[in-house]
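The block underneath contains the structure these notes are about, expressed in structure tokens.
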Amino acid sequence: MAWQAWVRSRPYEWSGTVEARTISVGSRVGGRVKSVRAKEGDRVIEGQPLLELEPGDFLAQRLISKGQLDEARANLDKLLRGARPEEIEQANARSQTAAAALQETIVGARAEQIAAAKARVVAAQVAVDRAKLDAERARKLLATQAISQAQLDDAEAALVAAVAQRDAAAQELEQLQNGSRREDIQQAVARAAEARASARLVKAGARAEDIEAARALVDAAQGRLDQIDVLLRELTIVAPRAARVESLDLRPGDILAPNATAAALLEDDQLYVRIYVPETQIGHIHPGQEVPVSVDSFPSRSFLGVVEHVNSEGEYSPRNLQTADERADQVFAARVGLREGFAELRAGMAAFIHVPK
């Protein structure tokens, strides 16, 4: 009877293993290791660099992207500001010049121009008359052998030139008297309309579509620059939180592949014990329950633990149950988080949970 009473009074005991949450850190870009700033066993704080990779051509890519962004921003600013005052004045002057040319083409020649053209025709006719007389006189003198044939040829050439000049002057006078041709007026009208349209475009500035396209180019250039900055930050692998370096086996010059694990960190302030509770005893444990945890290394001491989670689905063959009898029963996995003993306990230690009946 005493033995049975003693057995009934013994607390429930569930065994497990101390485990720690690990973090595998690496880089999205990879590359050649430039420097290693931590070693195995070091305790690191959040944000502390562990190792640095060589930048390769990322710096050149960033310089190119920065130049493209500056160019896109300058083009956008140019469109938003519109034309300069000097450009507007220049466009107005071209429009006014084209309008004046059109008016001159429509009105035709002035009376003074026609009078001057008539005077040029009269002067040219006088020159023709004089050249005729000189040529006739030269023919008579050649007949008497008073002059040479060359002198006669000069006189006749002068007559031909004088006639040509008179005809050109007469044609010019006729054009002035007839006024501008219809084709000339149409061309002048078109040039004036084109100049006015150009002036309006300069004053109106850029279209809304062009401004939106320029903004899109700025956004795209900014995105490329931000992307490169992210990749540059990936060259320095840092600790995401306070932890201890469990493994780091890289040296300067080693090649690290993208997304490969560069180091494993152990969060030894996040220790927990994974236990397996038989189905018949599952009612004696629940999340939030404080339980004592003991290990063989410290037989006279227990450590405070809190049940963090109990699986809702049972299983038959957990890996760390050693005997066939234990594996034959259905059990439920539970996680007990340790609240003390971080300096003494290590991942991998056998641990025992005791709960009174």
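Here are the numbers for the structure shown:
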{"read-out": "Length released on extending from GLN171 to THR280, taking residue separation times 0.36 nm less the Cα-Cα span", "value": "26.5 nm"}
{"read-out": "Qualifying trypsin sites (Lys or Arg not before Pro) for segment 238-320 [loop in DSSP, other Cβ within 10 Å: at most 10]", "value": "ARG319"}
{"read-out": "In segment 15-149, lysine pairs with alpha-carbon atoms under 26 angstrom apart (chain gap of 8 or more, or interchain)", "value": "4"}
{"read-out": "Cα-based shape type of the chain, given that a ≥ b ≥ c are square roots of the gyration tensor eigenvalues and the cut on a/c is 1.5", "value": "prolate"}
{"read-out": "Positive-end extreme of charge dipole, the chain - chosen from LEU250, ALA199, GLN149 (charges on Cβ)", "value": "GLN149"}
{"read-out": "Computed label-point distance, nm, for sites LYS132 and GLN103 using a 7 Å Cα→Cβ extension", "value": "4.5 nm"}
{"read-out": "Cut-off under 5 Å, modelled amide H: who pairs with ARG241 long-range", "value": "GLY47"}
{"read-out": "Per residue, in Å², the accessible surface of segment 208-346 once ligands and nucleic acids are set aside, probe 1.4 Å", "value": "55 Å²"}
{"read-out": "Loop-located GluC sites (Glu not before Pro) in segment 45-97, at most 16 other Cβ atoms within 10 Å (DSSP)", "value": "GLU46"}
{"read-out": "Residue-span extension gain [ALA115 to ALA74] - 0.36 nm each, minus C-alpha spacing", "value": "8.9 nm"}
{"read-out": "Contour minus Cα-Cα distance for ALA197 and ASP42 (0.36 nm per residue)", "value": "48.3 nm"}
{"read-out": "Pairwise label distance in nanometres, PHE342 with VAL122, each label 7 Å out on the Cα-Cβ vector", "value": "11.9 nm"}
{"read-out": "Residue-averaged 222 nm ellipticity for the chain, from DSSP H runs of 4+ at -39500 (n - 2.57), nearest 500", "value": "-17000 deg cm²/dmol"}
{"read-out": "The chain - percent of accessible surface contributed by carbon and sulfur, probe 1.4 Å", "value": "51 percent"}
{"read-out": "Under Karplus coefficients 6.51, -1.76 and 1.60, residue-wise ³J(HN,Hα) of segment 47-52 in Hz, glycine/proline x", "value": "x, 6, x, 9, 7, 10"}
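The values are calculated or read from the model by the stated rules, or taken from the named source; none is laboratory data. All figures in this text were calculated on a predicted structure; none of them were measured in a lab. Virtual Cβ from ideal backbone geometry, glycine too; neighbours counted across all protein chains shown. Ligands, DNA and RNA are stripped out before the accessible areas are found, and what is left, the full protein with its side chains, is counted by its heavy atoms. Shrake-Rupley method; radii C 1.70, N 1.55, O 1.52, S 1.80 Å.
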